[in-house]
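Worksheet: one structure, shown below.
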Amino acid sequence: MAAGRSLPRYMEKKLTDTAKPNRGKAYLVGAGPGDPGLITVRGLEILKKAEVVIYDYLAGEKLLKYVPEDAEFIYAGKKGGVKHTHTQEEINEMLIDRVRSGKRVVRLKGGDPFIFGRGGEELEELVKAGLSFEAVPGVTSASAAATFAGVPITHRRYTSSVAFITGHEDPDKESSNIAWDKISTGVGTLVFYMGIKNLESITANLMKHGRDPKTPVAVVRWASRPNQKSVVGTLDTIAEIVRTNDIKPPALTIVGEVVKLRDTINWYEQRPLFGKRIVVTRTREQASDLVALLEENGANCLEFATISIHPPDSWDELDNSLQRLGDFQWVVFTSINAIHAFFGRLYAKGMDTRALATCKIAAVGKVTDDCLRAYGLISDLLPEKFTAEGLAQAFEKMDVGGQAILIPRALKAREVLPARLGKAGARVTIVPVYQNKRPEGMHETLRAKLANKDVDIVTFTSSSTVTNFIEMIGVKGPRELQELMSGIKIAAIGPVTGRTIEENGLKVDIQPQTYTIPDLVDAIAKDARSS
Ligand code: SAH
């Protein structure tokens, strides 16, 4: 750098360079085998910043919720030879096109992108096009199937080598790329991907080339997912077992002595609620605790939101109040949805929490109080009883006569609090900051599942979950409800919920002694063990 120059050379270049650099980049990310917890930390970081995501059939739908809502979602399809939504060429084109236009494009693939995932081919195309990329490995399904079927893929006593083999190739074809004579006896554990259709000829070929017909074999479908299914046999029996159990792709075949260890290690499928399909109707935050605990016990949870949150039709009323926040002595928050919506709009208007500097803040309960803290506010009033009535009572104990109170809340909500505050002489302003809508399409799905008996248990954690559920499935009367629920167990958190269930003509099958979520899950697990 010449003396006297004030800028370092790299900055100089930036200032003089007129061509805008293309920041577009492709991220080839392994999604893992299906359980969303099995993506890598790096993979998740990338997903959260995606502008475009191109995902495959096996890439775990559950991961998509981490992608920003305004991203472009492209389903690339590819379902074991059946229906290809897009050809490989089209996928390559879409990928290149989006990266060229400057986007952060995530190519999300099931398992590991480099293991039978065509990840290599897609990266070759990117290199050809001169575009930048990063690749993130994933937990391959062989590894997951072994772990979740209780089969250590290698073990010092049994095997010291393992091979991943494609079962897509018909072993009978003349020019096989697989050295059957060598792998049959030369490798300890053999894992076949995409091999269900050809299982008969794969096993026959292994035996023909010297592998003992009594070698244990496990076939694992949907590994690591709550609907995982596995069967075990030997080389000479497994094809028939797979057929009689109607095991379809996607499934992996693990061949080798290590399969014997499943008898000792099979932990995942032995969890008390494994395979149980449990409906959880979600109306508030609590439901996610229930789902997490049920899933930890192995359940396959079917979550149904009875409501979804939307912005109000107009922000005018809130905007109006935001302009004159200084006029209010109190702002009252009765739900976290109201808090998020209120601050979302406040920030959007270029304001921040200082706008509330002269107001006192009331929260209805612990959850709203915690939520306010996250926005940097400590409530001035928190009732002893965390209900609208409790909050009304707390206000009534103070003198609120003549005070201006703002309540940002749902479009439709209970009137208890504003009514009692009004009675106490306060000037109450209610502004809608969100509205509840019933999610479309949900109830048909739930109804069909109940009718087809694709559900084992339905859980209820409050009376309102019962009424919401009944409203949601849209039955005409108790007879229809009883029919839909026949053969399906009903679990209630406690006697109040239980009474609502009975009032609707149904019977409670499971109810814990103590009325908490963990006790409810224990009671469901106990019932499953004994039935
Ligand atoms: N890249 C993927 C494999 C893609 S090939 C990976 O690393 O796992 C597709 C095959 O993978 C399927 O036919 C099936 O054999 C296997 N597979 C993928 N996910 C699976 C899962 N969850 N359970 C069982 N097999 C799975």
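Residue by residue through segment 321-345, note down the ones that are of a type in the set (V, I, T) and modelled with pLDDT of 95 or more. Lay out the reasoning, then the answer.
Here is the first cut: in segment 321-345, the ones of a type in the set (V, I, T) are 331-332, 334, 336, 339.
Answer for segment 321-345, where residues must be of a type in the set (V, I, T) and modelled with pLDDT of 95 or more: V331, V332, I339.
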Search result, residues across segment 26-40 that are surrounded by fewer than 21 Cβ atoms within 10 Å (Cβ to Cβ) and over 13 Å from the mean Cα position of the chain (by Cα): T40
Boolean, V259 is buried (at least 20 other Cβ atoms within 10 Å of the Cβ), within 13 Å of the ligand (Cβ to nearest atom) and of a type in the set (A, V, I, L, M): no
From K182, K214, K173, K229, residue being more than 14 Å from the ligand (Cβ to nearest atom), of a type in the set (K, R) and touching a strand residue (DSSP E or B) at 6+ places or on another chain (Cβ under 9 Å): K214
Unique match (being β-branched (V, I, T) and farther than 24 Å from G422 by Cβ) among V367, V332: V367
Matching residues in segment 83-113 - criterion: being within 16 Å of the ligand (Cβ to nearest atom) and in contact (Cβ under 8 Å) with a residue 40 or more places away in the chain: V106, R107, L108, K109, G110, G111, D112, P113
Condition check for T368: assigned by TED's automatic domain parsing to the domain that holds Q329, of a type in the set (V, I, T) and touching a helix residue (DSSP H, G or I) at 6+ places or on another chain (Cβ under 7 Å): yes
Single residue of V466, V431 found to be under 28 Å from the mean Cα position of the chain (by Cα) and either hydrophobic (A, V, I, L, M, F, W, C) or not in a strand (DSSP E or B) (or both): V466
Filter result for G275 (touching a residue at least 24 places away in the same chain (Cβ under 8 Å) and either among the acidic types (D, E) or away from the ligand (no atom under 16 Å from the Cβ) (or both)): no
Residue within segment 129-137 that is modelled with pLDDT of 95 or more and within 11 Å of the ligand (Cβ to nearest atom) present: yes
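Taking segment 17-74 as the search range and keeping residues that are among the acidic types (D, E) and away from the ligand (no atom under 16 Å from the Cβ), which one is nearest to G102 (Cα to Cα)?
First pass over segment 17-74, keeping only residues among the acidic types (D, E): 17, 35, 45, 51, 56, 61, 69-70, 72.
If we keep only those that are away from the ligand (no atom under 16 Å from the Cβ) as well, we get 17, 45, 51, 69-70, 72.
On the way: D17: 18, E45: 19, E51: 10, E69: 19, D70: 16, E72: 13 Å.
Among those residues, the one meeting the criterion is E51.
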Of the criteria (1) closer than 23 Å to L131 by Cβ; (2) at pLDDT 75 or above; (3) of a type in the set (A, V, I, L, M), which one L58 fails: (1)
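Among the residues of segment 443-459, are any farther than 30 Å from V280 by Cβ and in contact with a strand residue (DSSP E or B) (Cβ under 9 Å, 6 or more places away or on another chain)?
If we filter segment 443-459 for residues that are farther than 30 Å from V280 by Cβ, which is where we start, we get none.
No, segment 443-459 contains no residue that is farther than 30 Å from V280 by Cβ and in contact with a strand residue (DSSP E or B) (Cβ under 9 Å, 6 or more places away or on another chain).
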Matching residues in segment 190-211 - criterion: being more than 10 Å from the ligand (Cβ to nearest atom) and outside any loop (DSSP other than H, G, I, E, B): L190, L199, E200, S201, I202, T203, A204, N205, L206, M207, K208
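The values are calculated or read from the model by the stated rules, or taken from the named source; none is laboratory data. Just so we're clear, the structure is a prediction, and the values are computed from it rather than from any experiment. Glycine also receives a Cβ, built like all others from the backbone with ideal geometry; neighbour counts cover every protein chain displayed.
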